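S.K.: This is the structure I have questions about; it appears just below.
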Amino acid sequence: TDSRVTPVAYNKELNDLGQVQNYTMDKVQGLIHSQQDFVSDVSHELRTPVAIVKGHLELLNRWGKDDPEVLEDSITSSLSEIRRMETLVNEMLVLTRAENLTVDAQPEETEVTPILERVYHDLQMVHPDFSWTLDNALDSSAMVGVRSDHLEQLLIILIDNALKYSTSRKEIHLALALAGGWVEIGVQDFGQGIAAEDLDRVFDRFYRVDKARVHQTGGNGLGLSIVKKMVAAYGGQVQVESALGSGSVFRLRFPLIKEENNQ
Ligand code: ADP
């Protein structure tokens, strides 16, 4: 065997897969490749902002110091690129944590309704130009085995996207329901929607349908990959239905662990 691919570094992942006993070279190689893909994706994403900041600094170094207009413009542009990099680095950390997330044997029990209501009220306050509805079909308190801050994070990513990709009709519908043994949370918008050929790929890291408009929407293509990893870690599901031009609905589902009557 090749000593460079000693399983030590990959023990954690292999353990997570429950396959530490009988890993094969193929599996180890597969993990190495996915690590390499990640590094290459990240380098690619960082290359553009780094090049822009470098360009501006070179400009400043040559002429900018004496030209207030160049100075002002370069500083503004560099700051905005640096903020983008900062967001990117922070979200990559979140993604890495989501990938390594292992749920304890006794997961935290969280009541869904109060979290959804809080997120709904908070975001409604920040975006009063949107019309909001919350349809809670539960008459009891449904509990899921998901950490409350994680549940909140998932909702915020989906609602944030719904807001970001709604240009004409500014309307967000949130819904909470029980479906079989699942608690289902729906986040619906009536915005630009997603074409069928992109639908499978929106959960891929760094995938953006419209790469050219990234500077307007400020997205980096990590949000939905975080959602996918985090939901999977909790044994949940995430699904999307969408039609180009008429909007999208993202549904999160988690196993219902307990239901208590409010009365
Ligand atoms: P981003 O940071 O670019 O929003 P995401 O991973 O959250 O990254 O989403 C990936 C891509 O999926 C987005 O760039 C966008 O093209 C598409 N998308 C996500 N949510 C929606 C939505 N609600 N409506 C339309 N398109 C969406």
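S.K.: Would you check which residues across region 218-251 are open to solvent by less than 20 Å² (accessible area, probe 1.4 Å), among the aliphatic types (A, V, I, L, M) and either more than 9 Å from the ligand (Cβ to nearest atom) or assigned to a loop (DSSP other than H, G, I, E, B) (or both) and list them?
M.R.: Correct list: Leu222, Met230, Val231.
S.K.: Output yes when any residue across region 252-261 is touching an Asp or Glu at 6+ places or on another chain (Cβ under 7 Å), open to solvent by 70 Å² or more (accessible area, probe 1.4 Å), of a type in the set (D, E, K, R) and modelled with pLDDT under 95, and no when none is.
M.R.: Yes, because at least one residue in region 252-261 is touching an Asp or Glu at 6+ places or on another chain (Cβ under 7 Å), open to solvent by 70 Å² or more (accessible area, probe 1.4 Å), of a type in the set (D, E, K, R) and modelled with pLDDT under 95.
S.K.: If you don't mind, another one. Hey, can you tell me all the residues within region 156-194 that are aromatic (Phe, Trp, Tyr) and either over 15 Å from Gly245 (Cα atoms) or away from the ligand (no atom under 12 Å from the Cβ) (or both)?
M.R.: If the condition is that a residue be aromatic (Phe, Trp, Tyr) and either over 15 Å from Gly245 (Cα atoms) or away from the ligand (no atom under 12 Å from the Cβ) (or both), then Trp182 is the only one that fits.
The values are calculated or read from the model by the stated rules, or taken from the named source; none is laboratory data. What you are looking at is a predicted structure, and each value in this text was computed from that prediction instead of being measured. Glycine also receives a Cβ, built like all others from the backbone with ideal geometry; neighbour counts cover every protein chain displayed. Areas reflect the complete protein model, heavy atoms only, side chains present, ligands, DNA and RNA absent. Shrake-Rupley method; radii C 1.70, N 1.55, O 1.52, S 1.80 Å.
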